[in-house]
Structure formats: structure tokens, C-alpha cells
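Student: Could you have a look at this structure, given as C-alpha cells, before my questions?
The values are calculated or read from the model by the stated rules, or taken from the named source; none is laboratory data. This structure is a prediction, so every number in the text was calculated from the model and none was measured. We place every Cβ from the backbone using ideal geometry, glycine too, and count neighbours over all the protein chains shown. For accessibility, only protein heavy atoms count, side chains too; no ligands or nucleic acids. Shrake-Rupley method; radii C 1.70, N 1.55, O 1.52, S 1.80 Å.
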Amino acid sequence: MSRTIVPLHTIADEGARRPSFTAKPTCQSSSCGSGQASTELPEETRALINEHPCYSLEAHHFFARMHLAVAPACNIQCNYCNRKYDCPNESRPGVTSERLTPDAAVRRALSVAARMPELSVIGIAGPGDALADHRRTFETVARLKDKLPDVHYCLSTNGLALPDHVETIRALDVRHVTVTMNAIDPEIAERIYAWIFFDHRRITGLEAARILIERQLEGISQLVAAKVLVKVNSVLIPGINDTHLEAVHAEITRRGAFLHNVVPLISDPAHGTHFGMTGQRGPSPAELTALQERLGDGVRLMRHCRQCRADAVGMLAEDCGASVVADDEAAALGPDAEARESYRAVVAREREDRLADEGTRSGILSTLPSGRSRLFAVSSRGGGRVNQHFGKTQSFLIYAAETDGIRFIGSRRADKYCVGGDGDDHALDRMIEVLNGVDTVLCAKVGACPRHDLAEAGITVTDAYAYEHIETAIMRCLADEVRSIEHAALSA
Ligand code: CLF
Ligand code: SF4
């Protein structure tokens, strides 16, 4: 495995550090999940999300997760899933690579931990359901816990088997569980699930939908009572549950879930899923954002999900799972405590810098005229900085910049434009589609060709703010634009 996802020098580059000021925060984008500032949370909860890249937007800039694909079986059939491909609940469709035994999973985890000090979470997210064959999941967690005690353990499930296992989950000190829940109305759920396997029999139709919903809600309540942080994932399926997800949101809010993560349906006939074969479309980025805006009042929203693979490894922005080789020597060495400690020290300093930099933003903000609202796409490989090359971007972070602050809107997946040093024209066309509606792209480097093609599509791409903190880069870019407009007006 090539070392490492966010090298310390990338986020701690002295040249990239900017002078610090202290002032009232102006940016709304560094809170947990999305809505509520993490400082408003109880200490225990803050400790649980502080290093979890999915439960904290801010932590996702600094910490990495690793999935162990020890759960191949599933006890239900969703109409958007074909298990020749990874689970769309928690992963990007693609041919499933290795399915691991608990033994192999432990070796893989230890090999990664030895080389990746930013690893803070180990999750079991498929490729099937983590609890359909709970023994493999629990054995893996139990064997890793003593060896990697400073890592959080995380599970993802459809919820059918959940009420039977909450006690074990808590006994293993698993404090983060994701339940995928797409409907609370059986008539809607019936259109999403083909069958469930429950009580030794296969059940279809409304009865299956009723049982699944009842078990999901019961499991969520039990987890909340056991002080496990519950994230609910909902797949947004236009025409089926798009107007219903507000009711799901209200119900999970009432039951005390911590986060709601609405992900777009990924539907492609090539994946061989029921929805793919029957032409069910996924939502556009605008439809997803519109729904998220409507959900604003309840439980916090996660907007930075990358729908990663069941064997993903690394920062959410960059999956290096394919290059991981379980290596007995590294596994025997185990985690490098010193490297982990120094990484955390760097992160602590970066966090302080980001906070202090809010003063810079505050100063810039006060100089901007009101009424300028812009959509920015940022290429970042981690560290909360503009530090990814345009051509290597796998997902853009989207921010809305208004004169009263910067708001994180979500992430949009992109195919890398540049592979092995060469640009791919089709990939560039797809990139331009992904960037629909975006005014400006901020990246660490960009070639003349993509810059030209994006300009023709009405999108400015610039590397003038490379390695700056994302929010400060956006503010400075806005201020520079205003200055150049004023300058042009004066010279006219
Ligand atoms: Fe994995 Fe899921 Fe745990 Fe995160 S992923 S089991 S909560 S450690 Fe994260 Fe990936 Fe989105 Fe999942 S970005 S798909 S939400
Ligand atoms: Fe597929 Fe996950 Fe649904 Fe099971 S729960 S059918 S693995 S999407």
C-alpha cells in the first residue's frame, strides 16, 4: 500500500499557514454532520464524533475510515441492490473485491493501522448486511478491539436483525451504528424491497414492509437508549420516497437519532438491479439539495457522504482500498503509537489555525457588498485545505458563499479526469456535467486545457488559492472578484 492518504506535510505545510486573527466565527461549515455546532453537544458525544469522519464534517478533513468486508450475506432484497456489486447503502457500485474472513480482516486492519496514523474508524458496511451473519461481524470487532483500542468501531445495517443484537453491540462498545431506512409507510416500502428473510421464511409485499419498518424503528430506539449514536441513511428515490422522506426524518428525530444522511439512488441498467433494469432514475444534485433544505429542522443532516465501497480505506476524499495489501510484517508490528500521537498533534494545531483563520474571513466579509451569492466546488484531499489537483479529484466539496457566510452544501462525485498524467476528454465532459451550477472551482493545480474547456462552460477554475483553508480561500476569491469588477468599472 502506498503511504499515506494525508501525509503530515500536506496539512502541516508551513508555507500554507496563514496569519491568524481572532474574531467572531462567520462560517457555518465546520459544524458536526451539518447543522449544529459541535461545541453545543455534550462532552461524551463530542468525544464520539471528534475523530469520526462521517459523524463530523470537520473531522472528515483529518481522519480516515476503513471498511472490512466481512459481511457478504443479506437478509433482505432492496430493489436498488445487486450483490455482484457493492451495497449501494454504504458503497459505490463496482465489482466487489475480496470478501474477508475475520482472520483476514484482522490482518488487513492491522496492516493499515501500522501505516496510516489518521485511521480513526473501522466500519463493517457490507458488502451485505453487517448483522445478517452477526458472528463474523462481532468476531472481527472483538478481535480488533484490544489491538486497536483508540479506534472507533462502526456498523451499518438494514435494521431487520438489529433488535436482537443491541446488547452485544453495546457490550463490544460499538458506539456508531447506521440504519438504512427508506420509508416508514409500508405501502411505500413495499415498492423498495422485494422480500425479507425473517423467522425462517421469505416474506414479500406489505407484510415484509411492515415487519422491516417495525424492526428498524425498534432497533433505533434501543440503540438510542443504549447511548449508541445512530445515523440513519435514506436512499432518495424520485417518484417513490422523495416526498415521504420528510416523514422519515420527523420519526427518526422523535426517536433520538443523531444524524440523517440522505443519499441519491445510484441506478444503472449495467448494475443489474431491479431499479436499474426498470428505468428508475436517481435524483439530480439539485433535487437532493432541495430535499435537504426541506429537512432542515429536525435531526442533523450529513451532507458529505461519498457513498463509499464496502472495502474503502482512507480519507473520504480518496479511497485507496484497492492498493492495500495485508502484510504480516506490518500486522505484527501493529499501530505506530508515536506516529498516531504526532498526527493528532498536527491535527490539533490545524484545528486551531482553522478557527483562528475565521478572523481573516470575518475581515474580508465586512468588505464585500451584499447580494453576491456564488457556488464553489473545492478539490481537497483532506486537511480542510484546497490541496487536490483538478484532474485527480474524485469528489468535489460544494459550498454556497454569501455575504453573510459560507455554507457547506454537499459533495459531488467525479471521475478522475487525469489518469497516469493524461487527460481523458470524456471524463472532462462528465466533470463539467457534475459541476453544473457551479461558478468557481478551487484546486491546487489545473492544466490549460481543462481550464479552457471549463471557461467555455461558464465555470472559472483557479489554483490561485492553493493550500489555503477552504473557507478562507473562498472568501479571498470572492473579495478578489469584487476588486477586479470595481477596478474594471473605474478604468471604463
Ligand atoms: Fe463506514 Fe458508514 Fe461507519 Fe462511515 S462510511 S460504516 S458511518 S465508517 Fe460514511 Fe462512507 Fe457515507 Fe457511509 S461516507 S458511505 S456515511
Ligand atoms: Fe443490498 Fe444492503 Fe439492501 Fe442488503 S441491505 S439488499 S446488501 S442494499
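Student: Can you tell me which residue among Ser267, Ser221, Ser284, Ser234 is loosely packed, with under 15 Cβ neighbours inside 10 Å and among the polar types (S, T, N, Q)?
Tutor: Ser284
Student: Right, next: Of all residues in region 306-331, count the ones that are part of a helix (DSSP H, G or I) and in contact with a helix residue (DSSP H, G or I) (Cβ under 8 Å, 6 or more places away or on another chain).
Tutor: 3
Student: Hey, can you tell me all the residues within region 163-174 that are assigned to a loop (DSSP other than H, G, I, E, B), of a type outside the set (Val, Ile, Thr) and away from ligand 2 (no atom under 16 Å from the Cβ)?
Tutor: The answer is Leu172, Asp173.
Student: Turning to a different aspect of this structure: Could you tell me which residue of region 72-119 is modelled with the lowest pLDDT, considering only residues that are of a type in the set (D, E, K, R), more than 13 Å from Val313 (Cβ to Cβ) and open to solvent by less than 30 Å² (accessible area, probe 1.4 Å)?
Tutor: Result: Glu90.
Student: Which of the residues that make up region 298-337 are of a type in the set (S, T, N, Q) and farther than 30 Å from Gly256 by Cβ?
Tutor: Across region 298-337, the qualifying residue is only Ser323.
Student: Based on what the data block shows, is Val228 open to solvent by less than 10 Å² (accessible area, probe 1.4 Å) and either of a type in the set (Val, Ile, Thr) or on the phi < 0 side of the Ramachandran plot (or both)?
Tutor: Yes; evaluated as a whole, the condition is true for this residue.
Student: For Asn182, are the conditions met, namely being touching a Cys at 6+ places or on another chain (Cβ under 9 Å), part of a loop (DSSP other than H, G, I, E, B) and at pLDDT 95 or above?
Tutor: So Asn182 passes the test.
Student: Right, next: Would you mention how many residues in region 112-129 are over 18 Å from Pro53 (Cβ atoms) and within 13 Å of ligand 1 (Cβ to nearest atom)?
Tutor: Qualifying residue count for the region: 2.
Student: Is one or more of the residues making up region 238-250 in a helix (DSSP H, G or I), in contact with a Lys or Arg (Cβ under 7 Å, 6 or more places away or on another chain) and farther than 19 Å from Leu162 by Cβ?
Tutor: yes
Student: Taking Thr204, is it of a type in the set (Val, Ile, Thr) and open to solvent by 60 Å² or more (accessible area, probe 1.4 Å)?
Tutor: Against the criterion (of a type in the set (Val, Ile, Thr) and open to solvent by 60 Å² or more (accessible area, probe 1.4 Å)), Thr204 qualifies.
Student: Starting from residues that are of a type in the set (Gly, Ala, Ser), open to solvent by 10 Å² or more (accessible area, probe 1.4 Å) and over 12 Å from the mean Cα position of the chain (by Cα), keep the ones in region 293-320 and report whichever is modelled with the lowest pLDDT.
Tutor: Gly296
Student: If you don't mind, another one. With the condition kept exactly as written, say whether any residue in region 482-489 is in a helix (DSSP H, G or I), among the polar types (S, T, N, Q) and within 18 Å of Val386 (Cα to Cα).
Tutor: No, the conditions are met nowhere in region 482-489.
Student: For region 425-468, give me the residue count where each residue is open to solvent by less than 20 Å² (accessible area, probe 1.4 Å) and either in contact with a Gly (Cβ under 6 Å, 6 or more places away or on another chain) or of a type in the set (Gly, Ala, Ser) (or both).
Tutor: 2
Student: Next up: Exactly one condition in (1) of a type in the set (A, V, I, L, M); (2) at pLDDT below 90; (3) within 12 Å of ligand 2 (Cβ to nearest atom) is false for Ala69; which is it?
Tutor: Looking at each condition in turn, Ala69 falls short on (2).
Student: Which residues, counting only those in region 95-141, are among the aliphatic types (A, V, I, L, M), within 16 Å of ligand 2 (Cβ to nearest atom) and under 19 Å from Leu172 (Cα atoms)?
Tutor: Ile124, Ala125, Ala130, Leu131, Ala132
Student: Can you tell me which residue is farthest from ligand 2 (Cβ to nearest atom) among those in region 147-157 that are of a type outside the set (Gly, Ala, Ser) and in contact with an Asp or Glu (Cβ under 8 Å, 6 or more places away or on another chain)?
Tutor: His152
Student: Considering region 198-212 alone, what residues qualify as being over 12 Å from Cys78 (Cα atoms), out of contact with any Asp or Glu (no Cβ under 8 Å at 6 or more places or on another chain) and among the hydrophobic types (A, V, I, L, M, F, W, C)?
Tutor: Phe198, Ile203, Ile211
Student: Can I ask one more? Test of understanding: among Leu160, Leu144, which residue is within 16 Å of ligand 2 (Cβ to nearest atom) and within 21 Å of Ala226 (Cβ to Cβ)?
Tutor: Just a single option satisfies the conditions, and that option is Leu160.
Student: Going by the conditions given, is Asp133 without any contact (Cβ under 8 Å) to a residue 60 or more places away in the chain and charged (D, E, K, R)?
Tutor: The answer is no for Asp133.
Student: Considering only residues of region 240-254 that are under 13 Å from Leu288 (Cα atoms) and not charged (D, E, K, R), which is surrounded by the fewest Cβ atoms within 10 Å (Cβ to Cβ)?
Tutor: Thr243
Student: Within region 321-343, which residues are open to solvent by 40 Å² or more (accessible area, probe 1.4 Å) and closer than 20 Å to Cys154 by Cα?
Tutor: Answer for region 321-343, where residues must be open to solvent by 40 Å² or more (accessible area, probe 1.4 Å) and closer than 20 Å to Cys154 by Cα: just Pro335.
Student: On the given criteria, is Leu148 open to solvent by less than 10 Å² (accessible area, probe 1.4 Å), of a type in the set (A, V, I, L, M, F, W, C), assigned to a loop (DSSP other than H, G, I, E, B) and within 25 Å of Arg107 (Cβ to Cβ)?
Tutor: It is true that Leu148 is open to solvent by less than 10 Å² (accessible area, probe 1.4 Å), of a type in the set (A, V, I, L, M, F, W, C), assigned to a loop (DSSP other than H, G, I, E, B) and within 25 Å of Arg107 (Cβ to Cβ).
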